[in-house]
Amino acid sequence: MASPEEIAQLKAAAAQAAADAAQKEAEAAAARAAAAQAALDAALAGGDGAADEPDPAEEAPAEGAPAEEAPAAVDEIAAAADAGAVPPPLEGHAAAVADGYAHVGASLPLGALLVDGEPEPRAQVALPLRMLNRHGLVAGATGTGKTRTLQLMAEGLSAAGVPVFLTDIKGDLTGLAEPGKPSEKLLARTGPLGQDWQPVSFPVELLSLGGAGRGIPIRTTVTDFGPLLLAKVLDLNDTQESSLALIFHWADTQGLALLDLKDLRTVISYLTSDEGKPELKEIGGISTATAGVILREIAALQAQGADAFFGEPAFDTAELMRTAPDGRGIISSLELPELSNKPALFSTFVMWLLADLFNDLPELGDAEKPRLVFFFDEAHLLFNDASDEFLSQVVQTVRLIRSKGVGVFFVTQTPKDVPEDVLAQLGSRVQHALRAYTPKDQERLRQSVKTFPDSPYDLEEVLTTLGTGEAVVTVLSEKGAPSPVAVTRLRAPQANMGVAADATVDALIRSSSLLPRYRDAVDGESAYEMLTSRMEQQRAAAERQALEEQRAKELEELEEQLAKERAEEEKRLARERAAAEKEEARRRASRQKTVDSLLSTAARTIGREITRSIFGTRGR
């Protein structure tokens with residue numbers, strides 16, 4: 001008796017055979033239709049050409065088969081149909097889906113249409129590779145299979161030679177580096193889908209933000225990150241955002257490299273100091289309060305460990321667009337194990353990667369396949385509390401980056417998590433189940449239904465009853481028109497649908513060609529060193545000037561003191577001279593008085609003597 005696994009394999013083979021037979025039936029029908037049309041054309045022409053009408057096999061040979069073998073193939077299919085081996089042709093919506101997803105060029109298989117709850121392998125649902133640069137959305141409630149859908153799409157793109165970037169929130173996408181393990185349950189699912197499932201591992205590059213997680217550490221400079229994205233991370237208002245932009249502008253004009261947050265803090269401190277205020281005044285000004293808010297927010301960000309994300313060597317986003325030696329696209333997986341702690345920082349950093357690609361890549365136009373497909377998981381974190389200017393930049397980037405060959409898929413819970421201007425740019429939709437337990441949930445459900453093209457489904461009911469690994473799909477066809485809405489059971493990933501072994505992860509990191517380039521952080525000369533040196537020079541110059549001024553002041557004071565003392569000395573000397581002169585005058589007067597007195601006495605005496613001589617009297 002056959003084992004369960006053998007039975008599952010036989011079921012898968014039977015489903016694949018049914019799909020192949022359906023394809024042959026369609027080719028034969030096309031051949032018969034072409035022959036009938038040729039006969040009708042000949043009859044309408046009124047000639048005898050109808051007798052010479054070409055064989056149907058010659059008119060429309062089966063794809064990949066020589067023209068002369070077509071009649072035998074048609075006969076075989078007809079005989080098989082008579083025997084009941086070939087299912088009846090698809091009709092109604094199933095036929096419309098099979099036709100709407102029958103892309104001419106290469107495509108990314110997603111799954112098979114569900115008809116009455118069972119997969120129809122002849123109605124395969126796929127994304128045309130050349131339309132992936134029209135972007136898309138993968139949405140659904142928690143636990144509905146979004147992560148596995150992301151893995152499935154990444155595997156298909158890698159196999160088609162398209163590089164992929166994705167974020168690994170829970171760490172369970174490291175399994176892409178290991179082949180999956182077959183099981184009875186797995187093969188029982190893949191067989192009816194027409195999926196020839198084989199275990200395959202894929203080329204994976206593990207990345208981490210500044211070493212926060214397992215992977216090659218990637219960083220960028222504050223200058224490259226820019227004021228707009230940094231303002232989003234710091235949760236600044238419009239006024240503070242404008243002030244931050246002014247600070248960046250001044251640093252650029254001064255040739256000051258803002259490599260890390262320490263540099264930015266130094267610049268702000270300098271511009272609000274006495275030394276820097278005159279320079280800031282020339283280009284405008286920021287208030288002390290605004291500068292204080294920005295500095296506090298930067299300090300808080302540093303306290304969360306954000307210093308590790310900013311610095312050198314800065315990551316070159318061209319590394320995301322590499323292919324492996326076997327031609328498969330490399331899947332670059334950015335691990336974000338601490339997303340819940342710093343959601344704004346992580347989501348905005350991922351947006352920086354996309355914006356940097358937009359700035360660096362040349363125009364490509366519409367190619368047969370994209371240069372890169374970018375999966376933005378937990379996309380709602382990017383848009384929470386975003387300023388109008390930030391949203392405008394996101395919309396512009398998403399709108400214009402398609403011409404550079406990059407496709408963007410936002411992964412979130414509901415379409416309402418994505419702003420309408422962004423949602424309008426998304427051409428493909430993979431919508432998993434939604435929950436509608438509350439009035440708010442029901443309103444979101446109704447809004448989500450309105451984003452789909454018209455279809456025969458009651459999507460409000462369908463979206464609440466989808467099983468895990470099932471989704472409502474619509475894509476842009478190669479003609480640019482929306483494909484029919486298809487309730488789809490998705491294929492199973494071929495790699496390990498879980499966390500890779502530690503040994504596998506360690507081996508991937510050790511063998512990476514990026515490790516020597518990005519492993520060690522480099523602290524080069526930047527604004528911190530330059531402004532510190534400038535401020536020290538200015539401080540030394542100010543000290544010298546202050547010393548010279550102090551000396552000049554002291555000298556002036558000394559001269560004033562000396563002058564005062566000289567004046568006082570002169571006054572004293574003048575007083576002494578005056579006193580001396582006065583004393584001398586007094587003495588002279590005293591001497592003169594004495595002389596006068598003596599002279600008077602002498603005169604009187606002489607007078608008496610003369611008188612006596614004359615009159616004969618003498619003194620007694």
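Could you check the range 115-162 and list, in sequence order, the residues that are assigned to a loop (DSSP other than H, G, I, E, B), modelled with pLDDT of 95 or more, aliphatic (A, V, I, L, M) and surrounded by fewer than 22 Cβ atoms within 10 Å (Cβ to Cβ)?
The one that is assigned to a loop (DSSP other than H, G, I, E, B), modelled with pLDDT of 95 or more, aliphatic (A, V, I, L, M) and surrounded by fewer than 22 Cβ atoms within 10 Å (Cβ to Cβ): Ala160.
Taking Gly305, is it under 20 Å from the mean Cα position of the chain (by Cα), open to solvent by less than 20 Å² (accessible area, probe 1.4 Å) and touching a residue at least 12 places away in the same chain (Cβ under 8 Å)?
Judged against the criteria, Gly305 is not a match.
Name the single residue that is surrounded by the most Cβ atoms within 10 Å (Cβ to Cβ) among those in the range 489-522 being touching a Lys or Arg at 6+ places or on another chain (Cβ under 9 Å) and in a strand (DSSP E or B).
So the residue we want is Leu490.
Filter the range 464-486 down to the residues that are out of contact with any helix residue (DSSP H, G or I) (no Cβ under 8 Å at 6 or more places or on another chain) and aliphatic (A, V, I, L, M) and list them by number.
Leu466, Val473, Ala481
Right, Leu463: in a helix (DSSP H, G or I) and within 30 Å of Ala318 (Cβ to Cβ) or not? Give the derivation first.
Details: in a helix (DSSP H, G or I): yes; within 30 Å of Ala318 (Cβ to Cβ): no.
No; evaluated as a whole, the condition is false for this residue.
Anything in the range 273-292 that is under 16 Å from His249 (Cβ atoms) and either part of a loop (DSSP other than H, G, I, E, B) or open to solvent by less than 30 Å² (accessible area, probe 1.4 Å) (or both)? List them, or say none.
Within the range 273-292, Gly276, Leu280, Gly284, Gly285, Ile286, Thr290, Ala291 qualify.
Quickly run through the range 424-445 and pick out the residues that are closer than 20 Å to Lys479 by Cα and of a type outside the set (D, E, K, R).
Ala424, Gln425, Leu426, Gly427, Ser428, Val430
Just to check your reading of the model, which residue among Thr532, Thr601, Thr605, Thr617 is at pLDDT below 75 and either in a helix (DSSP H, G or I) or hydrophobic (A, V, I, L, M, F, W, C) (or both)?
Only one candidate qualifies: Thr532.
Please state which one of Leu206, Leu280, Leu271 is within 20 Å of the chain's Cα centre (by Cα) and more than 30 Å from Val115 (Cβ to Cβ).
On inspection, the qualifying residue turns out to be Leu206.
Let me confirm something: among Ala123, Ala102, Ala98, Ala106, which residue is within 40 Å of the chain's Cα centre (by Cα) and free of Cβ contacts under 8 Å to residues at least 24 places away in the same chain?
Answer to the check: Ala102.
Mind listing just one residue for me: the one in the range 130-144 that is in contact with a strand residue (DSSP E or B) (Cβ under 7 Å, 6 or more places away or on another chain) and of a type in the set (A, V, I, L, M, F, W, C) and, of those, farthest from Ala367 (Cα to Cα)?
Ala139
Do we have any residue at all in the range 250-269 that's of a type outside the set (Asp, Glu) and closer than 30 Å to Gly161 by Cβ?
No: zero hits.
Does Pro415 qualify as being free of Cβ contacts under 8 Å to residues at least 40 places away in the same chain and within 30 Å of Ala98 (Cβ to Cβ)?
no
On the basis of being among the acidic types (Asp, Glu) and open to solvent by 70 Å² or more (accessible area, probe 1.4 Å), does Asp388 make the cut?
yes
What's the total number of residues in the range 418-448 that are under 16 Å from Arg134 (Cα atoms), part of a helix (DSSP H, G or I) and free of Cβ contacts under 8 Å to residues at least 24 places away in the same chain?
Residues flagged as under 16 Å from Arg134 (Cα atoms), part of a helix (DSSP H, G or I) and free of Cβ contacts under 8 Å to residues at least 24 places away in the same chain within the range 418-448 amount to 1.
How many residues does the range 323-361 contain that are open to solvent by 20 Å² or more (accessible area, probe 1.4 Å), in contact with a Ser or Thr (Cβ under 8 Å, 6 or more places away or on another chain) and within 16 Å of Gly407 (Cα to Cα)?
Going through the range 323-361 one residue at a time, the tally reaches 5.
Looking at the range 492-513, I want the residues that are closer than 17 Å to Glu205 by Cβ and have a partner that is among the hydroxyl-bearing types (Ser, Thr, Tyr) and open to solvent by 20 Å² or more (accessible area, probe 1.4 Å) with Cβ atoms under 8 Å, at least 6 apart or on another chain. Which pairs are those?
Ala495/Ser201; Asn496/Ser201
Going through the range 459-470 one residue at a time, which ones are open to solvent by 90 Å² or more (accessible area, probe 1.4 Å) and of a type outside the set (Ser, Thr, Tyr)? Break it down into steps so the answer makes sense when it comes.
Step one: list which residues in the range 459-470 are open to solvent by 90 Å² or more (accessible area, probe 1.4 Å), which gives 461, 465, 468.
Within the range 459-470, Glu461 is the sole residue that qualifies.
The values are calculated or read from the model by the stated rules, or taken from the named source; none is laboratory data. Bear in mind the structure is a predicted one, so any value in this text is a computation, not a measurement. FYI the Cβ positions are ideal-geometry reconstructions off the backbone, even for glycines, and counts take in every protein chain you see. Surface accessibility is based on the protein's heavy atoms, side chains included, excluding ligands, DNA and RNA. Shrake-Rupley method; radii C 1.70, N 1.55, O 1.52, S 1.80 Å.
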